[in-house]
Amino acid sequence: MMAETARNPQTSFQDMILTLHDFWSRNGCLILQPYDMRMGAGTFHPATTLRALGPEPWNAAFVQPCRRPTDGRYGENPNRLQHYYQYQVILKPSPPNIQELYLESLKLIGIDPLAHDIRFVEDDWESPTLGAWGLGWEVWCDGMEVTQFTYFQQMGGFDCKPVAGELTYGLERLAMYIQGVDNVYDLNFNTPSSSEAVGQQAGRGVSYGDVFLENEKQMSKWNFEVADTAALFDLFEKAESECKLSLENNVPIAAYEQAIEASHVFNLLQARGVISVQERASYMGRVRDLARGSCEKYAEKLMPEWQAKYPEWSL
Amino acid sequence: MSDFLLELRCEEIPARMQAGARAELQKLFAREMDAAGVSVGEVQVWSTPRRLALIAKDLPLATEAVREEAKGPPVGAPDAAVDGFCNKNGVTRDQLEERDVKGRATWFAVIEKPGRATSEVLAAAIPAIIRDFSWPKSMRWGAASLSTESIKWVRPLSGIVALLGDELVACEVGGIASGPATRGHRFHASGEIAIANAGDYAAKLHAAHVIVDHEERQDIIREGAAKAAADAGLTLVADEGLVIENAGLTEWPVPLLGRFDEGFLDVPPEVIQLTARVNQKYFVCEDAQGKLANAFVCTANIVASDGGAAIVDGNRKVLAARLSDARFFWELDQKTPLAVHAEKLARITFHEKLGTVADKVERVAKLARWLVESDIVKPTSVRPEPVEGPSSLSEDKGGASTSSARADIAELADLAEQAARLCKADLVTEMVGEFPELQGLMGGYYAEKEGLPQEVADAIRHHYKPVGQGDEVPTAPVTVAVSLADKLDTLVGFFIVGEAPTGSKDPYALRRAVLAVIAIIRTGLRANLANLVGVAAQPILDKWLAGSPEHLAHAKIYARDFEWSPKKQAEARDIAEHTRGAVAFPRQMFFAGLADIADFFADRLKVQQREAGVRHDLIDAVFALGGEDDLVRLLARVHALQSFMATEDGTNLLAGYKRAANILKKEDWHGIEGEIAHTGEEDPLALVDDPDMKAVIAAKMTERHAAELSYTPEKAEKALIDALDAAEPKAAAAIEAEDFGAAMAALASLRAPIDAFFEEVTVNDTSAAKRSSRLDLLARFRVAVHNVADFSRIEG
C-alpha cells in the first residue's frame, strides 16, 4: 500500500493509469498490455473482440493506444488527437455490481460524485465492421463524456453467451478534467515533484506535450499529406489476401490481425482523401468480411474446447 | 381492500423510453388483473431513470369464487368426444353431471373456481408482466446470459418491490426475488430503504433524494430553470422536450445556470441553441431584447457539496469546446464561396437513377428560371409583405419585397437561377455535416456573409419550406421559384423513375413534397399543374431515357402535352402496359409515373381538404368534373360549393337534382349525352364524363333548344325552360370569370322552377313527344348543374 499512497492520480497521467490498474487488478482482472498493432479503438484488441466470444469467463483490463488518422490536427487543437489512449475493461459475464465498480474507480482517480454530476446517458454501440452491437451509455461527468459503457449483445454476428460488460475510459479527457487543464498538451504526464525520480528528469515534470506534441505534428502531416497512397492500396490488398490465407489454414487469430491491419490502412486511405463515397462502402464491406470471417473461424475452431467445458452450450 | 405497490428497479433507462414504459406497465398490469378478475381502483404509474413504479388502489384481498357450467356432448356420445370435453374443461369423467336437455340426456361439467388470494394473483402476474414487457430495445446480461433464454430488460434489472397492503408479494423472476426494500439516490443515499406500503413509498424515497413522480421532477426543472434565468436577469427559452428529457435523466433535478464566453455569440444563434440542446441537453436564455444570451441552464442530478460551482464550471468547459468546434466550422466554411462548395455536390449521389445533387441543382436552376420567365412566379408576390422565417436577421436587412418589386422579370429570373444554383451548397459545409438540421439556414448565413443579394440569401435559407403542415409558406418571389422548382423536380423525378410511394412507405417524403407544392401554389400562383409536371420532366427524361434516344423525343413531347384527364391518364397507363419488357422498362415507368402523379396530387389534396374540414363528398363532387389542373380554381370551386350547400337554396336544389336524376335513371334516359356516339371510330377510352365531349354536347344542346316544341308547354314547364335559358349563360359566364359564388347563385334561381315543375307537370305523359321533351328538359337541368359540380356525388 505504500506505493499506492505515493501515487497522485489527480496530478499525473501515469498515476491515473496505475491507479486504474491497481483497482481492476484487485477486482479480479488480468492486467494486459497494449496490442502491438495499429487500431482505431480498444474494442479491436483480441482480448475484447475474440474473448467476447464463447462461454468462458474473461476479466481483463489494459491500456490501448488508438489511432484515428482523420482526427489529427497537427497538434493545434487542444483536445483532438490522431493518437490517444483508451483504458479498456472487459468483464465477462457482466457482474451485477459493474456500475458500482466503475463509480468506485472514478472516485479513486479523484472524481467525487457529490461534487461532480455523474450521469449514465443512453448510447448504444454498433460496429457493422465487427458484426457487433450492444446497449449501454456514455457516462457523463459534468456534461462531458468520459466513458463508453456497453453490454455486448452480439460479436462477429454471434449472440454473446454470456454477455460481457465493456468499459472504455477516455484517458486524456478524464485526465484533463481531473487535472483541470484545457489543453491536452498541458497535462502532467508524471508528478512534477517526484523526488524519487532519477537521472535527467529529477525535479522536473514531463507534460503530455513533451511526449506527444511533435509526434502529433509529424504524424498528422504523414496521415494527411505524405503517406504513399499506392503503397497503402497495396497494403490493403496484401492484408486482405493474408487474412484469407490465414483463414484457409485455420489460424483465425492471425487472420484477425490482418483484419485489424486492413481496417487501419483503410482509415489511412480515408485520411488521404483518396477513397470516393461510392468506394467507401465497398471497402468497409471488405473489412467487415475479413473481421467477421475471422470471428466465425475463431468460434468454429474453439467450439470443441468450449463444448467440452460447457456441454449445454452452443453458438 | 388494500393498495398495491410495484417497483421495478434497473440500471439507467433511456429518457426517451420512459413515457412508453409507464404506459406499457399500466397496460400489462390491467391485462393481468382483468384476466384474474381482480377489480382495481385508481392506478398511478411513475418513472425515474432507475425505476418504474405502479400504485394500484383498493384491491380486494381475494377474488370472488366463480361457478361455471359447460354443456357437453349427449350421454352415449363417442368416448373421444367426451374425453375431449373433459380435457378442455379440466375435469375428469366421473365429475361430469348428467342433465336433461329437451328430453335428451346430456353431460355437463361444473367448474368451481374458488376465490384466489390477490397476493397469489399478483405473485403470478409480476413475472408475466416482466417477461411480456415490450421495450424499443432490450438486452440480456450477467451470468444467466450464458443462455439466450435468460430474461430481457431495457438494462439489467436489479430489484423488485411488491407490497399488497403491508404484506410482501413474494415472487421471483430471472433470479431476482421481490423484497420490501428499495434503494435511494445513487449518491445521496446508501443502503436499503425499507418501504412499509404504497402509502409511504413516495415519501420514503423523497427522504432518500428520489422524486419518484416524473411530473413533479418536470415541474421542478421547468420552474427552476426559468427562475435561474430570471435571477440572472434573463428569460429562459422554453423547451418542453428538454424538460421531459432532463426529468428522465435525473432523480433529484437541480437546474443550474452557467455562462459561456461572449465571443461565441458571433456564431449564429441557431447553431448555439442546437449545440446546447442536442449535444448537452441545456436550455438557452435570451436577454431583454430577445437576443440569445451567453448563458445556459444545465440540470444536475445532485445537490453538490460546493453548491454546484464545479458542475457549472465543468459544463461550461464542455460547452466551450463544442462551441469552439462550431465556431471553427463557421469560420472555415466562410473561407470558401458557396459557388465553390457547390462544385463538390457532383460527388454526392442524389439518387442512383436521378444523378448527383449537382445534376439536380442544374435542373432546379433551369426550372426556377422557367417559372419566372413563363410568368408563373411574378416579380411581386400576391401578398405585399413577404413572410419570412423566424430569423430576425432577414427582417433587419429588409428590402426584400421592395427590391423585388423593382426587379423586372429578367432580373428576377437571374436571381432565381443564382439562388437555385447555390441552394444545396451548404450540404457540403462542415457545419451542416455536423448539424444536418441546419441545412438551408447555414447556406443563407453564408450567402449573406459573402455579400450575395438578400433575396438570394433568403431563398437559400427558406427554400426547404414549407416542411410540414403549419410551417410557413414562402411568398418572396425568388424563394417561391426555388422552393417550387426543387420540390417539383423531386416529385416528378421519383415518379418517372418508378419510386412513387407505396402504402405506408414514402422514403423520399413525396407526400410532404406534394403538400408543399400545393401550399405554395395556393398562395396565388396561377399554373397548370400538368404543364408544370411536363416541364419539370424534360431534363429528367434526358437522363432517364438517354439509353433509348428513339423514345426520348416522343416521351418529352408526350410529357409536355400531357393533360390531367381520366382519358389521358388511362391512355398513358395503357402505353405503359404495352411497353413492358427489359428494354422498354424506363419508358414504361415514365408513362405510368406521368399518369400516377395526377392522382397523387388529387389524393393528397383531398386528404388535405378533408383535414381542413371540407366535406369529402363536396370535394368528390368537384374532382369528379375532371380535367381541372388549376389548383386555385379547383379550390375556389370547392369552397363556393361548400358555402352554397350550407344554404337552403343549396339543399333544395340538391333535392330537385336528385329527383331529376332518379327519374332519368329509372327511365334509362341519357338525353343528349346519350346521343354522342361512344363506339367504333371514337377513342374507346373516352368516358361519358369526358371533358373533351363538353363542346360537342353543348353544340347539340343549342341545336335542340332552338327546335320548337311540338306542343304547348305547361306553365311550370315553360317556366323551367325560361329559367334554364336565363341561368345557363349566367352560370357559364360566372364560371368563365371564375366567380363560382355567382355560378351557384345562378343555379339557385332554378330551385323554385324545378320544384314547381315536379309539382305540376307529369313527366311520363302518354304522349311520347311530351315525355321525351320533358325527360330532355330534366337532362338539360342535370347538365346545367354538372357545369358547377357533380351533384350526384353529394350526400343528403
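Answer yes or no as to whether residue B:121 is assigned to a strand (DSSP E or B), more than 14 Å from chain A (Cβ to nearest Cβ), in contact with a Ser or Thr (Cβ under 9 Å, 6 or more places away or on another chain) and at pLDDT 90 or above.
Here the answer is no, as residue B:121 does not meet what is asked.
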Inset, instruction - Scan region B:127-135 and give yes if some residue there is in contact with a Pro (Cβ under 7 Å, 6 or more places away or on another chain), of a type in the set (D, E, K, R) and exposed (fewer than 15 other Cβ atoms within 10 Å of the Cβ), otherwise no. - result: no
Inset, instruction - Just one of (1) without any contact (Cβ under 8 Å) to a residue 12 or more places away in the chain; (2) assigned to a helix (DSSP H, G or I); (3) among the small types (Gly, Ala, Ser) trips up residue A:263, so point out which. - result: (1)
Legend entry - Filtered residue count, region B:161-197, keeping only those that are facing chain A (nearest Cβ under 10 Å) and crowded, with 18+ Cβ neighbours inside 10 Å: 3
Inset, instruction - Give just the number: which of (1) within 9 Å of another protein chain (Cβ to nearest Cβ); (2) in contact with a helix residue (DSSP H, G or I) (Cβ under 7 Å, 6 or more places away or on another chain) does residue B:294 not satisfy? - result: (1)
Inset, instruction - Select from region A:274-315 the residues that are in contact (Cβ under 8 Å) with a residue 24 or more places away in the chain and within 14 Å of chain B (Cβ to nearest Cβ) and list them in ascending order. - result: A:274, A:306, A:309, A:310, A:313, A:315
Legend entry - Top-ranked residue in region A:68-124 [being of a type in the set (Gly, Ala, Ser) and crowded, with 23+ Cβ neighbours inside 10 Å; ranked as farthest from the other protein chains (Cβ to nearest Cβ)]: A:72
Legend entry - Evaluation of residue B:46 against (1) more than 31 Å from the chain's Cα centre (by Cα); (2) touching a residue at least 24 places away in the same chain (Cβ under 8 Å) (one fails), failing number: (1)
Inset, instruction - Tally the residues that are under 23 Å from residue A:228 (Cβ atoms), surrounded by 15 or more Cβ atoms within 10 Å (Cβ to Cβ) and polar (S, T, N, Q), restricting the search to region A:270-315. - result: 1
Legend entry - Residues satisfying the stated conditions in region B:245-275, i.e. more than 20 Å from residue B:231 (Cα to Cα) and within 14 Å of chain A (Cβ to nearest Cβ): B:245, B:246, B:247, B:248, B:249, B:250, B:251, B:252, B:275
Legend entry - Test: residue in region B:236-257 that is of a type outside the set (A, V, I, L, M, F, W, C), surrounded by fewer than 22 Cβ atoms within 10 Å (Cβ to Cβ), touching a residue at least 12 places away in the same chain (Cβ under 8 Å) and closer than 18 Å to residue B:319 by Cα: no
Legend entry - From B:99, B:93, B:104, B:116, residue being of a type in the set (Lys, Arg) and closer than 26 Å to residue B:30 by Cβ: B:116
Legend entry - First in region B:508-531 and in a helix (DSSP H, G or I), second anywhere and among the basic types (Lys, Arg) and crowded, with 21+ Cβ neighbours inside 10 Å, Cβ under 6 Å, 6 or more apart: B:513/B:487; B:516/B:487; B:517/B:487
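A quick yes/no check of all residues on (1) among the acidic types (Asp, Glu); (2) more than 22 Å from residue B:11 (Cβ to Cβ):
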residue	(1), (2)
B:167	yes, yes
B:174	no, no
B:177	no, no
B:180	no, no
B:191	no, no
B:197	no, yes
B:200	yes, yes
B:205	no, no
B:208	no, no
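Among what's in region B:180-201 and is touching a residue at least 60 places away in the same chain (Cβ under 8 Å) and in a helix (DSSP H, G or I), pick the residue that is farthest from residue B:6 (Cα to Cα).
To start, the set of residues in region B:180-201 that are touching a residue at least 60 places away in the same chain (Cβ under 8 Å) comprises B:182-183, B:185-188, B:195, B:197-199, B:201.
From the residues that got through so far, the ones that are in a helix (DSSP H, G or I) too are B:198-199, B:201.
Values: B:198: 8, B:199: 12, B:201: 10 Å.
Within region B:180-201, the match that is farthest from residue B:6 (Cα to Cα) is B:199.
Would you be able to say whether some residue in region B:133-148 is over 30 Å from residue A:309 (Cβ atoms), more than 53 Å from the chain's Cα centre (by Cα) and of a type in the set (D, E, K, R)?
no
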Inset, instruction - Inspect region B:13-32 for any residue being of a type in the set (D, E, K, R) and outside any helix (DSSP H, G or I) and give the result as yes or no. - result: no
Legend entry - Matching residues, region B:297-310, being surrounded by 17 or more Cβ atoms within 10 Å (Cβ to Cβ), assigned to a loop (DSSP other than H, G, I, E, B) and within 7 Å of another protein chain (Cβ to nearest Cβ): B:301, B:302, B:304
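Restricting attention to region B:222-244, report how many residues are in contact with a strand residue (DSSP E or B) (Cβ under 7 Å, 6 or more places away or on another chain), within 19 Å of residue B:15 (Cα to Cα) and away from chain A (no Cβ under 14 Å).
2
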Inset, instruction - Looking only at region B:136-160, count how many residues are facing chain A (nearest Cβ under 8 Å), touching a Gly at 6+ places or on another chain (Cβ under 9 Å) and either crowded, with 17+ Cβ neighbours inside 10 Å or not in a helix (DSSP H, G or I) (or both). - result: 5
Legend entry - Unique match (being crowded, with 21+ Cβ neighbours inside 10 Å and either modelled with pLDDT of 85 or more or under 16 Å from residue B:564 (Cα atoms) (or both)) among B:624, B:636, B:598: B:598
Inset, instruction - Scan region B:311-335 for residues that are at the interface with chain A (Cβ under 9 Å from one of its Cβ atoms), within 25 Å of residue B:253 (Cα to Cα) and in contact with a helix residue (DSSP H, G or I) (Cβ under 9 Å, 6 or more places away or on another chain) and jot them down. - result: B:314, B:315, B:317, B:318, B:319, B:320
Inset, instruction - Taking residue B:177 as the residue in question, decide whether it is in a strand (DSSP E or B) and small (Gly, Ala, Ser). - result: yes
Legend entry - Where a residue in region A:220-232 is more than 13 Å from residue A:70 (Cβ to Cβ) and its partner, wherever it lies, is in a helix (DSSP H, G or I), with Cβ under 8 Å and at least six apart: A:229/A:269; A:232/A:265; A:232/A:268; A:232/A:269
Legend entry - Filter result (more than 13 Å from chain B (Cβ to nearest Cβ) and either aliphatic (A, V, I, L, M) or farther than 25 Å from residue A:60 by Cα (or both)) within region A:163-189: A:167, A:171, A:175, A:185, A:186, A:187, A:188
Inset, instruction - Return only the number of the condition from (1) crowded, with 18+ Cβ neighbours inside 10 Å; (2) at pLDDT 95 or above that residue A:14 does not satisfy. - result: (1)
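The values are calculated or read from the model by the stated rules, or taken from the named source; none is laboratory data. In this text, all values refer to a predicted model and were calculated from it rather than measured experimentally. Quick reminder, even Gly has a Cβ in these numbers, built from the backbone with ideal geometry, and neighbours come from all protein chains shown.
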